Amino acid sequence: MSRGGATAVAEQSGLSLLLHEPRYEVIPVQGIEQKVELLPPGATVTVTASPKQGLDRTVDVSIVLAGREFRVVPHFAARMVTGRDQLERMVERLDGVGIRDVFVVGGDADPPASPYGDAGDLLEELAGLSHPFARVGIGGYPEGHPLIGDERLLEALKRKQAYADHLVTQLCFDADALAEWTAGIREAGIDLPVVVGLPGVVERRKLAEISLKAGVGASLSYLRKHGRQLVTLARTRRYDPTPLARAVAAHAADPALGITGVHLFTFNQVEPTRDWVARLA
């Protein structure tokens, strides 16, 4: 086999490994339960916490999907939790159907409906409960956060690490930035496995809208970083994550980075994302 052929085989092997058991993120709007039925049996489905839909809707959808034998990961958004009573009720309901995973984020509720200002506050409260969660995920920001400085983000990660067993990154379009950030948190003592947040096969307009919101509208730094990608999105019907996934897979081959899988932001475009995974993995 030629060197180029061997490289291609190695790249495909790395990509297949990365996509072996992806997580599919969905938003709990009306009808999402039917869309999730298109996923392979036993797939991991994460259910977001939407300020518009409310946390009860997240729990309701999670319970339905658990009953259909998916591995379900509900999102707890700290700023949406009204207090310990609501947290206990959510935990009890999820425990009742055997859900053993949870993903804890700060959330976007503004103003917060909550005594919990960030994910760290909610994780500490959760740790004080007798909860059923064997796997607790937290978020990370490879390209920074538009409202929080990098030093504060790192300190928050250090605080949250004690309560978590893995870390899921925010949506990222830059594999090199992801690798550099991951190496940096390793040097800082963060040793949690990293699950990389990647876009699925998403309608270009939807992804562009979400991407701009992630940059807080007119964020010049965000547009400088991603202007070219957004122009590309405007020229195609759907975003193809294959080149980005291949680049991430190449970095994931470095065991020092501790990249263990992918979290696919489907924006509820479940079927094309499922088909893409099946084709590549």
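Is it true that residue 231 is hydrophobic (A, V, I, L, M, F, W, C) and at pLDDT 95 or above?
no
Any idea which residue in the range 17-31 is most open to solvent (accessible area, probe 1.4 Å), counting only those that are over 18 Å from residue 199 (Cβ atoms) and aliphatic (A, V, I, L, M)?
Selected residue: 17.
Which residue pairs have Cβ atoms under 8 Å apart, sit 6 or more places apart or on different chains, and have a first residue in the range 78-93 that is open to solvent by 80 Å² or more (accessible area, probe 1.4 Å) and a second that is at pLDDT 95 or above and among the acidic types (Asp, Glu)?
What qualifies is 84/125.
Can you work out which of the residues in the range 102-117 that are buried (at least 20 other Cβ atoms within 10 Å of the Cβ) and of a type outside the set (Gly, Ala, Ser) is farthest from residue 154 (Cα to Cα)?
Applying the filter and picking the extreme gives 102.
Might you let me know whether the range 133-141 holds any residue that is surrounded by fewer than 20 Cβ atoms within 10 Å (Cβ to Cβ), modelled with pLDDT of 95 or more and not acidic (Asp, Glu)?
Yes, the conditions are met somewhere in the range 133-141.
Which residues, taken from the range 243-252, are open to solvent by 30 Å² or more (accessible area, probe 1.4 Å) and either in contact with a Ser or Thr (Cβ under 9 Å, 6 or more places away or on another chain) or more than 24 Å from residue 176 (Cβ to Cβ) (or both)?
251
Just the residues that are out of contact with any Pro (no Cβ under 7 Å at 6 or more places or on another chain), over 15 Å from residue 98 (Cα atoms) and open to solvent by less than 50 Å² (accessible area, probe 1.4 Å), please, taken from the range 47-75.
49, 54, 55, 75
With respect to residue 216, is the statement that it is exposed (fewer than 14 other Cβ atoms within 10 Å of the Cβ), in a helix (DSSP H, G or I) and either touching a Ser or Thr at 6+ places or on another chain (Cβ under 7 Å) or at pLDDT below 70 (or both) true?
In short, no.
Within the range 80-97, can you find the residues that are in a helix (DSSP H, G or I) and touching a strand residue (DSSP E or B) at 6+ places or on another chain (Cβ under 9 Å)?
Within the range 80-97, the subset in a helix (DSSP H, G or I) is 80, 84-96.
Once the filter is applied, which keeps residues that are in a helix (DSSP H, G or I) and touching a strand residue (DSSP E or B) at 6+ places or on another chain (Cβ under 9 Å), the range 80-97 yields 87, 90, 91, 94.
Kindly indicate whether residue 177 is at pLDDT 95 or above, open to solvent by 20 Å² or more (accessible area, probe 1.4 Å), closer than 30 Å to residue 253 by Cβ and of a type in the set (A, V, I, L, M, F, W, C).
So residue 177 does not fit the description; no.
From the list 142, 112, 146, pick out the single residue that is touching a Lys or Arg at 6+ places or on another chain (Cβ under 6 Å) and not acidic (Asp, Glu).
That would be 112, the only listed residue that is touching a Lys or Arg at 6+ places or on another chain (Cβ under 6 Å) and not acidic (Asp, Glu).
Results for (1) open to solvent by less than 10 Å² (accessible area, probe 1.4 Å); (2) more than 16 Å from residue 161 (Cα to Cα); (3) touching a residue at least 24 places away in the same chain (Cβ under 8 Å), shown as yes or no for each residue.
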{"site": "188", "(1), (2), (3)": "no, no, yes"}
{"site": "197", "(1), (2), (3)": "yes, yes, yes"}
{"site": "203", "(1), (2), (3)": "no, yes, yes"}
{"site": "207", "(1), (2), (3)": "yes, yes, yes"}
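Restricting to the range 1-56, name every residue that is over 15 Å from residue 267 (Cβ atoms), modelled with pLDDT under 95 and among the hydroxyl-bearing types (Ser, Thr, Tyr).
2, 7, 13, 16
The values are calculated or read from the model by the stated rules, or taken from the named source; none is laboratory data. These numbers were taken from a predicted model, which means no experiment stands behind them. No Cβ is skipped: glycine too gets one built from the backbone with ideal geometry, and neighbour counts run over all protein chains shown. Accessible surface is based on the protein model in full, side chains and every heavy atom, while ligands, DNA and RNA are left aside. Shrake-Rupley method; radii C 1.70, N 1.55, O 1.52, S 1.80 Å.
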